[in-house]
Amino acid sequence: MDVVWYEREDVKDQLLIFGRGIQGVSPFDVILEPDPAKCHSGSCSFTDRRITVNPTLFSAPDREQYLLTKGLLVHEAGHRRHTTPLYLPPITWEIANILEDERIENRMHEEFIGVQWLIMKLARRFYKDSRHLDPTSESPDEVVAYFLQLRWALRIGQPVKGALSPLNQQLWEEIKPLVFDAWHAANTESVNQLAEEITEILGLTRLETGDQSSPERNVSNTPPSGETITSERK
């Protein structure tokens, strides 16, 4: 019986060594969890000192899955190195989570030339899998979906798919400086403060972005409980 690629001992060792090494000093444990019920995409738990990624997240040939899994490990290592676990109300946490993902990837992109191509690979894949925005919708969720997709589009030099309604375009112009400030903020605390402002401007009480939500949205920041940073929220 053939062994699936991520269960081969040599491949598993390569990923675990890479996942720990990119974290720096005192790395968290690294776990490959192919069961989406246990790990949808990836998580970084500061309570359990554990990074978990799902090597079957993407539908792709084995080699491509392997490289994208390395990209997820880089992303999670970014949270390990640069995210501070802090309590936030649930909806604010959702927004901060999306913003923090870009901030920590920017930091990893700047600090480690050798992983830049993996971050780019993730961006291309998430962009490819993202849906077109609905120009007829006036839900503020579409604005969140817009800047969720925008970061991948900017990274790979592509336009955002679809468009915002006139009302949502006005909202986007209002929060645009806050989003860009968050992407380049010095720390998680600043991101959280900006997320609070964005949440208030958009009048969000809950978030439903449909299949625009990428795996990265589940990859870290502070959970509603305030106890751990984890992705198993859905």
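Here are the numbers for the structure shown:
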{"quantity": "Magnitude of the charge dipole, region 5-218, Cβ model with Lys/Arg +1 and Asp/Glu -1, debye to 20", "calculated": "680"}
{"quantity": "DSSP beta bridge pairing in region 5-218, given as percent antiparallel to the nearest 5", "calculated": "45"}
{"quantity": "25 Å tail of the calculated P(r), region 88-216, as % of Cα pairs", "calculated": "20"}
{"quantity": "Those lysines that a straight Cα-Cα span of less than 21 Å connects to residue 12, excepting residues fewer than 8 apart in one chain", "calculated": "38, 70, 121"}
{"quantity": "Potential lengthening between residue 154 and residue 137 on full extension [0.36 nm per residue; Cα-Cα distance subtracted]", "calculated": "3.8 nm"}
{"quantity": "Nearest 10 degrees, 0 to 90: helix 141-156 Cα axis against the chain principal axis", "calculated": "50"}
{"quantity": "Förster radius 35 Å - calculated FRET efficiency between residue 14 and residue 161, Cβ distance, rounded to 0.05", "calculated": "0.55"}
{"quantity": "Mean residue ellipticity (222 nm) of the chain, computed from DSSP H runs ≥ 4 via -39,500 (n - 2.57), nearest 500", "calculated": "-17000 deg cm²/dmol"}
{"quantity": "Stretch gain in nm, segment residue 120-residue 7, where the contour uses 0.36 nm per residue and the Cα spacing is subtracted", "calculated": "38.1 nm"}
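Coordinate-derived values only; no laboratory data. Keep in mind that this is a model prediction, so the values were computed, not measured. Please note: Cβ atoms are built from the backbone with ideal geometry, for glycine as well, and neighbour counts cover all protein chains shown.
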